[in-house]
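Reading through the structure tokens given below for one structure.
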Amino acid sequence: MARAVDIPARVCQLEKEAFRLGIIQAFAIARSHYDVNINLGAMSLGFTPSYELSKLDQIEAAVTPLAESLASKIE
């Protein structure tokens, strides 16, 4: 019974680890395409603050099919 109680916490931990691995792989792939010409430090800060939310929505819509393609290749 005690082990069953720990399952949700373990699942949460595995989800976090998988998410972080996905980010690491995305950064590594970006570096493989742009070598040192990509500012990974800036990328690690998230979206550029100058964008309006509507523009970020447009960017996300444009990259989603490409990201899904990459995710299927990584899987």
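The values are calculated or read from the model by the stated rules, or taken from the named source; none is laboratory data. What you see is a predicted model, and the numbers here were worked out from it, not measured in a lab. Neighbour counts are summed over all protein chains in view; Cβ atoms, including those assigned to glycine, are modelled from backbone coordinates with ideal geometry. Keep in mind that these areas ignore ligands, DNA and RNA; they rest on the heavy atoms of the full protein, side chains included. Shrake-Rupley method; radii C 1.70, N 1.55, O 1.52, S 1.80 Å.
The magnitude of the dipole of the chain, with charges of +1 and -1 set on the Cβ of Lys/Arg and Asp/Glu and taken from the Cα centre, is near 260 debye.
What a 1.4 Å probe finds exposed on the chain is 62% carbon and sulfur by accessible area, rounded to a whole percent. Look at the dipole of the chain built from charges on Cβ: of I59, A4, F47, the Cα furthest out on the positive end belongs to A4. Pairing the Cα long axis of helix 2-34 with the longest principal axis of the chain, what angle in degrees results, from 0 to 90 and rounded to the nearest 10? So the helix axis and the longest Cα principal axis differ by about 20 degrees. The residues of the chain have, on average, 90 Å² of accessible surface per residue, using a 1.4 Å probe with all protein chains present.
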